[in-house]
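Input: a single structure, listed below in structure tokens.
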Amino acid sequence: MSAQPDLTPAFRPMELADFPRIMTVEREVYPYPWTPGNFTDSIRAGYYCRIMEYGGEMTGYGVLAMGAGEAHLLNLSVASAWQRQGLGNLLLRHFIGHARGSGTAVLLLEVRPSNVPARRLYAAAGFRQVGLRKGYYPAMAGREDALVLELPL
């Protein structure tokens, strides 16, 4: 018998009504969170914006842009109270599945070199580094680079 409970989250489209909880999570997990405008623009642009719910609670969300045979994961977040329970992996797998099912050839993303848990998650899913964006992210000491990761689909 496994010590971990069966994780069967539900996924649904992101809505404007989700923004208060999304912004709470953004501020919990990121030193430089997205703004409500970033999420509004993503929804209006037709990006694949999904909420993950588990046990009746919003536990995470993500934003995926697709075009020209590529998918680009722009945001993937799990509420801090739900981290380290396998939900980040399930959320990532959901977006990989959607990108793969949409016929895109590759899934790309950027991640901070300092974000070791996210880097481990992406490496375990098969992502590999294909580039570096200098000074991509704001940081306490100016700017931080971004590792560009790729997953062939």
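The values are calculated or read from the model by the stated rules, or taken from the named source; none is laboratory data. Please read all numbers here as calculations on a predicted model, not as lab measurements. All Cβ positions, even for glycine, are placed from backbone atoms using ideal geometry, and neighbour counts span all protein chains on display.
Scanning for something of a type in the set (D, E, K, R) and within 19 Å of Ala125 (Cβ to Cβ), does the stretch 13-36 turn up at least one residue?
The answer is no, given that none of the residues of the stretch 13-36 is of a type in the set (D, E, K, R) and within 19 Å of Ala125 (Cβ to Cβ).
Looking at this structure, is Ser102 touching a helix residue (DSSP H, G or I) at 6+ places or on another chain (Cβ under 6 Å) and free of Cβ contacts under 8 Å to residues at least 60 places away in the same chain?
So Ser102 fails the test.
Tell me, yes or no, whether the stretch 96-107 has at least one residue that is within 14 Å of Phe11 (Cα to Cα), hydrophobic (A, V, I, L, M, F, W, C) and at pLDDT below 95.
Among the residues of the stretch 96-107, not one is within 14 Å of Phe11 (Cα to Cα), hydrophobic (A, V, I, L, M, F, W, C) and at pLDDT below 95, which makes the answer no.
Are any residues in the stretch 35-58 of a type in the set (Asp, Glu) and under 15 Å from the mean Cα position of the chain (by Cα), and if so, which ones?
Glu53 - this is the single residue of the stretch 35-58 that is of a type in the set (Asp, Glu) and under 15 Å from the mean Cα position of the chain (by Cα).
Give the stretch 88-125 a look and list any residue that's polar (S, T, N, Q) and surrounded by fewer than 19 Cβ atoms within 10 Å (Cβ to Cβ), or say none.
Residues satisfying the conditions are Asn89, Ser102, Ser114, Asn115.
Looking at (1) part of a helix (DSSP H, G or I); (2) at positive phi; (3) of a type outside the set (A, V, I, L, M), can you tell me which one Gly46 breaks?
Unmet for Gly46, out of (1) part of a helix (DSSP H, G or I); (2) at positive phi; (3) of a type outside the set (A, V, I, L, M): (1).
May I ask you to list the residues in the stretch 77-91 that are touching a helix residue (DSSP H, G or I) at 6+ places or on another chain (Cβ under 7 Å) and either touching a residue at least 40 places away in the same chain (Cβ under 8 Å) or hydroxyl-bearing (Ser, Thr, Tyr) (or both)?
Correct list: Ser77, Val78, Ala79, Ser80.
For residues that are touching a strand residue (DSSP E or B) at 6+ places or on another chain (Cβ under 7 Å) and either among the basic types (Lys, Arg) or loosely packed, with under 14 Cβ neighbours inside 10 Å (or both), tally how many sit in the stretch 45-87.
Residues meeting the conditions: 1.
Might you check whether a residue that is part of a helix (DSSP H, G or I) and not aliphatic (A, V, I, L, M) occurs anywhere in the stretch 108-118?
The answer is yes, given that some residue of the stretch 108-118 is part of a helix (DSSP H, G or I) and not aliphatic (A, V, I, L, M).
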